[in-house]
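Peer 1: Below are the structure tokens for one structure; questions will follow.
The numbers here are math on the coordinates, done by the rules we state, and not lab data. Note that this is a predicted model, so its numbers are computed, not measured. Because the Cβ atoms are built from the backbone with ideal geometry, glycine has one as well, and the counts that use them run over all protein chains shown.
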Amino acid sequence: MKKLPVYVSEEEKREMTAAAEAFLCLTNRPQTYHIITYGCQMNAHDSEKLAGLLRQMGLTEAADRAGADFVLFNTCCVRAGAERRALGNVTWLKELKKDRPNLIIGVCGCMVQQPHMAEKILQQYRFIDLAFGTHNLHQLPMLLYQLLTDKSRVVTITADEHLIAEGLPVQRLSPYHAYVTIMYGCDNFCSYCVVPYVRGRERSRRMADILREAEALGTDGVQEIMLLGQNVNSYQGGDGEGFPALLKALDGMGIPRIRFMTSHPKDLSDELIRVMEESKHICNHFHLPVQSGSDAVLQSMNRGYTRTDYLRRVAALREAIPGIGLTTDIIVGFPGETEADFLDTIALVEEVGFDAAFTFLYSKREGTRAAGMTGQISAEVSGERFKRLLSAVEASAQKARESMLGKAESVLVEGLSKRDDTKVSGKGTRNITVTLDGGEADVGTIVPVTITSVAVNTLRGERR
Ligand code: SAM
Ligand code: SF4
């Protein structure tokens, strides 16, 4: 049986408020911050919360790391490359600290939550002043206060995998787009993935809390919300409310656009498809990671579905919602992947016709089941397969864009085009970038267009 989430207590919240107030009275406190974020949307949203907390503590944002008193790296560890990049950049700051001894360097997030990395930071990265894991985010006021008053390094990772911290301040990156986390953690234990170990057990927020947050965002003029979770389809809001019920309630609120990610194919229900079909505000796009087109590889990945199951879900989505855009995640070079397995993946890409795919080279992660599997694939073979996969994905994406010609779309304008300031661009409901004639006044508004031509990676539209 699933353990219920543990909410951060009112007492602990009061302690954090007191720490933030005491921090404001310190004469040696940092005045400016800069946060560098690696990884997924979940991390981007965590950084918005970290920035919210820092603002409450009187800090303002510095334009770059060189000008900040406190530099915080919010890290990722899904692949080894992200970890290497973060550590490389932190080390770059070590030099800066020689000239500015009061500079505070912090590291947080998924990388730090791994006990072997926390130990490494403690022993080998002695210039890092503050390090904390994913479950300690809400404690930032107390940790910073402790650092400045005890004048010794603070490295902490909490093991409570069931924690939910409600009510944290959020410094949004965009005035018209907002992330809303609906659940934390993951219980799927795909054999390659480190997320369940660093983000904890799957736990859902209460539906009432999510609806209240969404309502406030709507009042604030937000045009699009993106619901976040590692597997949003298994959301369980308490009184038996699943993800379809949550989506239906949000759709009724009137925020112009609703998106969500990520969905797991094994939990994509007919009820969810029905809610999408009947909705007014849910975008015409579904991100459905397949990972591989081979049954043998899917089984070894512990994904819980077959190629046929996946294709059936795609068919059900397309039958209910004609014209829906599909995107996916694919891993190349998983241990034991044969050329025949790989060709099954290419064939699946061609059969589904994705709008886009995030493609990854398999990365061996300590502590996961796949790390101990036989049949690890050489970098040379994986690299060559990766190139072929990219070509297949690009051909599929091009076809998808061409299928949009003459169709109606609506674009949430994000800004002026970089090359031509008489044009603006933004995402259509299918999540493909569309460029159109326009100016500053269009930014943050939703403009109905007809798709008139296809460019590299984008579409061109004319106002309807
Ligand atoms: N929960 C989501 C899901 O199951 O689709 C995605 C979470 S993960 C942060 C994003 C993507 O990273 C995964 O879909 C997978 O394709 C990729 N990924 C995860 N672990 C990986 C690894 N060890 N090597 C390469 N890619 C990996
Ligand atoms: Fe990782 Fe699988 Fe969970 Fe996604 S569903 S976060 S890939 S374990």
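Peer 1: Give the average over all directions of the projected area of the C-alpha convex hull of the chain, one decimal, in nm².
Peer 2: Values: hull surface 91.8 nm².
That works out to 23.0 nm², a quarter of the Cα hull's surface.
Peer 1: Rank these for me by crowding, ARG85, ARG401, going from fewest to most other beta carbons within 10 Å. Let's see the in-between values first.
Peer 2: Values: ARG85 16, ARG401 21.
Ordered from fewest to most neighbouring Cβ atoms within 10 Å, ARG85, ARG401 come out as ARG85, ARG401.
Peer 1: Can I get the semi-axes of the range 397-464's equivalent ellipsoid? Compute them from the C-alpha gyration tensor as square roots of 5 times the eigenvalues, in angstrom, largest first.
Peer 2: 18, 12, 10
Peer 1: List the lysines whose Cα sits under 30 Å from the Cα of LYS3, skipping any in the same chain fewer than 8 residues away.
Peer 2: Cross-link targets: LYS13, LYS49, LYS248, LYS266, LYS364.
Peer 1: In addition: Using +1 at the C-beta of Lys and Arg and -1 at the C-beta of Asp and Glu, which of GLY242, THR452, SER191 has the Cα lying farthest in the positive direction of the dipole of the chain?
Peer 2: SER191
Peer 1: If I model a spin label at GLN236 and THR338 as a point 7 Å from the Cα along the Cα→Cβ vector, what separation in nanometres do I get?
Peer 2: 3.9 nm
Peer 1: For a Förster distance of 25 Å, can you work out the FRET efficiency between the beta-carbons of ALA63 and GLU95, rounded to the nearest 0.05?
Peer 2: Calculated transfer efficiency: 0.80.
Peer 1: Test of understanding: extend the Cα→C-beta vector of ARG369 to 7 Å, then name every residue of the range 234-278 with backbone N under 20 Å from that spot.
Peer 2: The answer is 234, 264-268.
Peer 1: 222 nm [θ] for the chain, helices only, -39500 (n - 2.57) per DSSP H run of 4+, per residue, to 500? It would help to have the intermediate numbers written out before the result.
Peer 2: Values: 14 runs with 170 residues, N = 464.
It lands at -11500 deg cm²/dmol.
Peer 1: Starting from 0.36 nm per residue, how many nanometres of slack lie between SER152 and LEU405 once their C-alpha separation is accounted for?
Peer 2: Details: separation 253, 0.36 × 253 = 91.08 nm, distance 6.12 nm.
Residue separation times 0.36 nm, minus the Cα-Cα distance, leaves 85.0 nm.
Peer 1: Something else now. How far is it, in nm, from the label point at GLU350 to the one at ARG14 when both lie 7 Å from their Cα along the line to the Cβ?
Peer 2: Between GLU350 and ARG14, the label points sit 6.7 nm apart.
Peer 1: Provide the packing ranking of 356-365, 125-134, i.e. peptides ordered by the mean count of other C-beta atoms within 10 Å per residue, highest first.
Peer 2: My ranking of the peptides, most packed first, is 125-134, 356-365.
Peer 1: Here is a follow-up. Can you list the lysines whose alpha carbon sits under 22 Å from that of LYS407, skipping same-chain ones fewer than 8 residues off?
Peer 2: Cα-Cα hits under 22 Å: LYS280, LYS399, LYS423, LYS427.
Peer 1: Calculate the FRET efficiency for THR32 and GLU166 from the Cβ-Cβ distance with a Förster distance of 30 Å, rounded to the nearest 0.05.
Peer 2: 0.60
Peer 1: Using Cα centres only, tell me the gap between the range 130-209 and the range 352-388 in whole Å.
Peer 2: Cα centroid of the range 130-209 versus Cα centroid of the range 352-388: 28 Å apart.
Peer 1: Let me ask something additional. How big is the shadow of the Cα convex hull of the range 146-197, averaged over all directions, in nm²?
Peer 2: Averaged projected area of the range 146-197's Cα convex hull equals 6.7 nm².
Peer 1: Another question, if that's okay. What angle do you read, to the nearest 10 degrees and between 0 and 90, between the alpha-carbon axis of helix 207-219 and the longest principal axis of the chain?
Peer 2: Here the helix axis deviates by roughly 90 degrees.
Peer 1: Follow-up. Please compute the modelled spin-label separation between ASN102 and ARG463, points set 7 Å along Cα→Cβ, answer in nm with one decimal.
Peer 2: Computed distance between label sites ARG463 and ASN102 equals 5.2 nm.
Peer 1: Check the straight Cα-Cα distances from LYS151 and name the lysines below 22 Å, setting aside those fewer than 8 residues away within the same chain.
Peer 2: LYS94, LYS97, LYS98, LYS120
Peer 1: With axes computed from alpha carbons, what is the tilt in degrees of helix 41-56 against the longest principal axis of the chain, rounded to the nearest 10 within 0 to 90?
Peer 2: 30 degrees
Peer 1: Where a ≥ b ≥ c are the square roots of the eigenvalues of the C-alpha gyration tensor, would you call the range 208-301 rounded, which needs a/c under 1.5, or, failing that, prolate if a/b is larger than b/c, or oblate?
Peer 2: Prolate.
Peer 1: Distance from the Cα centre of the range 53-107 to that of the range 10-37, in angstrom?
Peer 2: 17 Å
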